[in-house]
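Trainee: A single structure is presented below for examination.
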Amino acid sequence: MVTVTAPNLPCYRSIVAVDIESSTARTNPAKAQLRHALYELFEESLQVGGITERHRDALIDRGDGILALVHPVDQAPKALLLNSFIPTLSRLLTDHDTHYPDHQFRLRAVVHAGEVHYDNRGCFGEALDLTFRLLDAVEVKRRLLQAAAPLVLVVSDEIHRSIIRHGYPGIDENAFEPLVRVRLAGQRHRGWIHVPAKA
């Protein structure tokens, strides 16, 4: 658990979450296998980008998904989630599906950043609300159904504005489409969808 030095004040975090497509259609033993594989691929993808346990909170289990909160440190800039973590996760997922055809699965992924609150039960706040609103958007689910690739990414307008549009190495601004619109607390928010090339 994170120790917050200033009570009731939020901490800035890069936020990444994934969710397994159509997991409710699987049996419980199949879900157990998927969870095991997902955690292995997710952790390896973070490690490849140099985002180690000291740069983030402990991974948060979401049943058929994972939430990671990355600290704002020089060793783990937000761009790493886009030019290292996501491409690596997509590649590893493709490899997994090739080697284990009976245990294939596909993922929706989201990247956002913002202020996160903590209490003794965990984390909460508007930034997380928006993260999961984007991840669960109908447009993201539809794009994954249509995609040949095993992963579809949606990013918040904040991530697009602060990272993607600047064209940092390994990030193609033109590969993101503003296809998602969600409402949260009476405000409209845009999401940008990207389908990594199938490895």
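Values in this text are rule-based calculations from the coordinates and carry no lab data. Please read these numbers as outputs of a predicted model, since none were measured by experiment. Every residue, glycine as well, gets a Cβ built from its backbone with ideal geometry; the counts of neighbours run over all protein chains shown.
Trainee: Out of curiosity, is residue 45 polar (S, T, N, Q) and under 26 Å from residue 158 (Cβ atoms)?
Mentor: The answer is yes for residue 45.
Trainee: Give region 180-194 a look and list any residue that's surrounded by fewer than 21 Cβ atoms within 10 Å (Cβ to Cβ) and out of contact with any Gly (no Cβ under 9 Å at 6 or more places or on another chain), or say none.
Mentor: Hits for region 180-194 are 183, 184, 185, 186, 187, 188, 189, 190.
Trainee: Identify the single condition in (1) touching a residue at least 12 places away in the same chain (Cβ under 8 Å); (2) not in a strand (DSSP E or B) that residue 142 does not satisfy, given that it satisfies every other one.
Mentor: (1)
Trainee: For region 151-199, what are the residues that are in a loop (DSSP other than H, G, I, E, B) and among the small types (Gly, Ala, Ser)?
Mentor: Within region 151-199, 167, 170, 185, 186, 197, 199 qualify.
Trainee: Limited to region 59-76, what total is found for residues that are more than 17 Å from residue 21 (Cα to Cα) and either in contact with a Ser or Thr (Cβ under 6 Å, 6 or more places away or on another chain) or in contact (Cβ under 8 Å) with a residue 40 or more places away in the chain (or both)?
Mentor: So the count comes out to 7.
Trainee: Which residue is farthest from residue 88 (Cα to Cα), if the candidates are limited to region 159-199 and must be without any contact (Cβ under 8 Å) to a residue 12 or more places away in the chain and not basic (Lys, Arg)?
Mentor: 186
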